[in-house]
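Since every read-out is calculated from the coordinates, none of them should be taken as a lab result. None of these values were measured; they are calculated from a predicted model. Heads up, the Cβs are rebuilt from the backbone with ideal geometry, glycines too, and the neighbour counts pull from every protein chain shown.
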Amino acid sequence: MDTLSLVEINHYIKISVQGFFFFGPVCLFCPFCFVKNQKMSRLSKKQPSVCTAAPLTDSNVSQKLAVLHQILTSCLGPSGRLKQIHNDVGGHVLTTSTSSVLLKAVQLSHPVPKLLAAAVLNHTSRFGDCGLFAGVLCSALLVEARRLMVEPPAVATVYRQLLGLCTTYLTQEDCSCKVRVEFSSSRDLLTLTRSVLTSKPACMLTQVEAEHIVLQVVQAFLLTVPSSTTGRVRLGTAVTHLVEGQPPMASTALVGLLVDMPEQLRAADVERLGADLRVALFSTSLAGDLAEEGDGSLEVHGETIVEEAVLQQLLELGEQLVTDGVRLLACQKVVHPVLRHMLRGRGLVVAERLGLALMEPFVQMTGAQPVATFQVAVPFSCYGCVGTLGVHRCGSRELLHLLPAGDPAVCTLVLCHRSETSLDELKVTCQTAEQVLRQTLKEPSALLGGGCTESHLASYIRHKSKTVVTQATSDLGCSRSDYLLAAEGFCRSLEATARALESDTTVSLMDLCHAHRWPTSAAPPPGVSWAELVGSCGCGLISGQSNMEWTPLGTGHEPFPPAPLINTASQPHVLDSFPAKLNALQVAVETANLILDLKYIIQDKNELFSSCQSGV
């Protein structure tokens, strides 16, 4: 190959030399870039960056947002469609309808959908639930904004003001779509958990199985609530243990922790150990790996082999544990076979390969402090205690059951299912439900589910925007028509989110009194009223009455203020987490406003980086 100048060489970023790819500027003096008698197989010229002005008016961006909107909408609710994600060369197939799992697995190629997905994932990482609601509402707001003949910055300004109206209304004590969660009984906790679990069809549960799992999740949550109320109260930990191949009815919530049964340990041996057992916990490997010991020192005399010296130190550690009366040795990693054999012969139970996830719950339950080295004597203050040891059998598997000595509020939720795909989805769903219940302790409120909150809020905003339009246009500096058009688009987006709960055989109605969503099979034939077809609203709080009027959700009607429910003895059948849904509403509107404010998108086609600039 002819010699190139430095300017010419720096103009190329990818060079393949006999199958090896190098990225970045090429160096003349690097032996990998220029090897004698090596042939350059390909040179790729740097591509200029691409700047897209007003991205929402670009058909390519709009098409990608429409596809993402369709994907998220079709996943929402109990009738949501499952999505299968796999790469084009085979491998693991992921089946889910959960936003946190779906958006992590889907590869998005454009900055605008990536921005939307990142906002949803950040929300679910903090609140767990309502990720699909945030994604569907955000994309619906963008779709509506593109249809309006209003400048995007003006739409974003109106959206922001309407979000303030929503937040103010939802945080009021007399909000008609908010209910108080009562902790005097487990009814509301069961309803919240059931609403989360039944919204994920990939869990593949029958009604009986779903009710059983709901009971176990609530019981596991209650086990993490400490019974002592003196001093600072701290919630415990619920560890999820998966068992594949067993029916979901075998799932259970247990006090304490489950670990894999140590080799050659029998149930009869466990029963003879007694109670109040001293525990030693190691966070480092006890296999004799010096590479993990950092700055620790090891004295070797004469021609002593290093491996023998390490093993001797491990055995001395074992002798100390026996002398100190330790009955259970737990190790995050691996224990040397010789040390393990020696300890078992002296009556100790050795539980190894706990993993990082079990370390914090183990410390919380036993009070043991993790020891990070085997080269020094273990301080007596580092030991902990377990109440008793037992054996839990699940199918053909036997697990060592560690029961606490006091009330540390640590439990294990054993989840069983027939297939790996359903078990993975069930695990994510149950963890989301537990997160929702924890948030409910801080904010004991819930919102009506089944699309009733969305339709009610849309009716409230539609009426409220008509009454405050004069003051709002003066404050925001926009025209009356622009404000009303943007407000109508905001309400239609909320109604579209509620309609996303429809199945293939149902349509959504809205009553003209309380503005709840009512699912029904089809339009009534001539001479038949809606009251003869509807049963109850989406949340189950209201039953059909002959004196009520309905209209298809999302169609034109005169704005009206939703009437509050007075002296109702009914209980809602579907509830949504108040903190999660309120934050999801804020994330959806703020993310939509951020995208509406985008003036330029600058993309580096060399895939080194891409950036967005916001401007009015």
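Summary table below
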{"read-out": "FRET efficiency estimate (nearest 0.05) - Cβ-Cβ, ARG234 to GLU151, R0 51 angstrom", "value": "0.50"}
{"read-out": "Cα gyration tensor, the stretch 141-288 - rounded (a/c under 1.5), prolate or oblate", "value": "prolate"}
{"read-out": "Karplus-derived 3J(HN,Hα), 6.51/-1.76/1.60, for each residue of the stretch 263-268, Hz, glycine and proline x", "value": "4, 6, 9, 9, 4, 5"}
{"read-out": "Given charges at beta-carbon only (K, R positive; D, E negative), |dipole| of the chain in Debye", "value": "1180"}
{"read-out": "Packing rank of 373-384, 574-585, 278-289, 493-504, where each peptide gets the mean count of other beta carbons within 10 Å, highest leading", "value": "574-585, 493-504, 278-289, 373-384"}
{"read-out": "Helix runs (DSSP H) in the chain reaching 18 Å along axis by Cα, Kyte-Doolittle at least -0.5", "value": "59-75, 111-127, 131-147, 152-170, 207-223, 306-323, 480-499, 578-596"}
{"read-out": "Selection from LEU56, LEU170, SER479, by position along the positive dipole direction of the chain (Cβ)", "value": "SER479"}
{"read-out": "Candidate lysines - alpha carbon under 25 Å from LYS83, same-chain residues fewer than 8 apart omitted", "value": "LYS64, LYS104, LYS114, LYS200, LYS427, LYS581"}
{"read-out": "Correct option for semi-axes √(5λ) of the Cα gyration tensor in Å [calculated from the coordinates] among (i) 50, 32, 24; (ii) 52, 40, 21; (iii) 36, 27, 24", "value": "(ii)"}
{"read-out": "Cβ-defined net charge surrounding LYS427, 13 Å radius [Lys, Arg +1; Asp, Glu -1]", "value": "-4"}
{"read-out": "Relative packing of peptides 97-106, 452-461 - highest average C-beta neighbours within 10 Å first", "value": "452-461, 97-106"}
{"read-out": "Difference of contour (0.36 nm per residue) and Cα-Cα distance, GLN369 to LEU108", "value": "89.6 nm"}
{"read-out": "Residue (of SER396, LEU426, CYS382) at the positive-pole extreme of the stretch 373-495, dipole from beta-carbon charges", "value": "LEU426"}
{"read-out": "Computed E for ASP276/GLU244 - FRET, C-beta separation, R0 22 angstrom, nearest 0.05", "value": "0.05"}
{"read-out": "CD proxy at 222 nm, helix term only [per DSSP H run n ≥ 4: -39500 (n - 2.57); per residue of the chain; nearest 500]", "value": "-12500 deg cm²/dmol"}
{"read-out": "Sum of side-chain charges, HIS86 neighbourhood, beta-carbon under 15 Å (Lys, Arg +1; Asp, Glu -1)", "value": "-1"}
{"read-out": "Within the stretch 349-381, backbone nitrogen closer than 17 Å to the virtual label 7 Å beyond the Cα of GLN320 toward Cβ", "value": "368-381"}
{"read-out": "Partner aspartates and glutamates for LYS46 [C-alpha distance under 15 Å; skip if fewer than 8 residues away on the same chain]", "value": "GLU8, ASP604, GLU607"}
{"read-out": "Whether the stretch 115-212 is rounded, prolate or oblate, judged on the alpha carbon gyration tensor where a/c under 1.5 counts as rounded", "value": "oblate"}
{"read-out": "Translational diffusion coefficient (Stokes-Einstein; Kirkwood radius from C-alpha pairs) of the stretch 364-451 at 10 °C, 1.306 mPa s, in µm²/s", "value": "92"}
{"read-out": "Ordering of 136-143, 193-200, 247-254 by burial proxy (mean other Cβ atoms within 10 Å per residue, highest first)", "value": "136-143, 193-200, 247-254"}
{"read-out": "Average Cα contact separation per residue, the stretch 338-474, under 8 Å, 6 or more apart, as relative contact order %", "value": "12"}
{"read-out": "Local electrostatic count at GLY477 - Lys and Arg +1, Asp and Glu -1, tallied over other residues with Cβ under 14 Å", "value": "-1"}
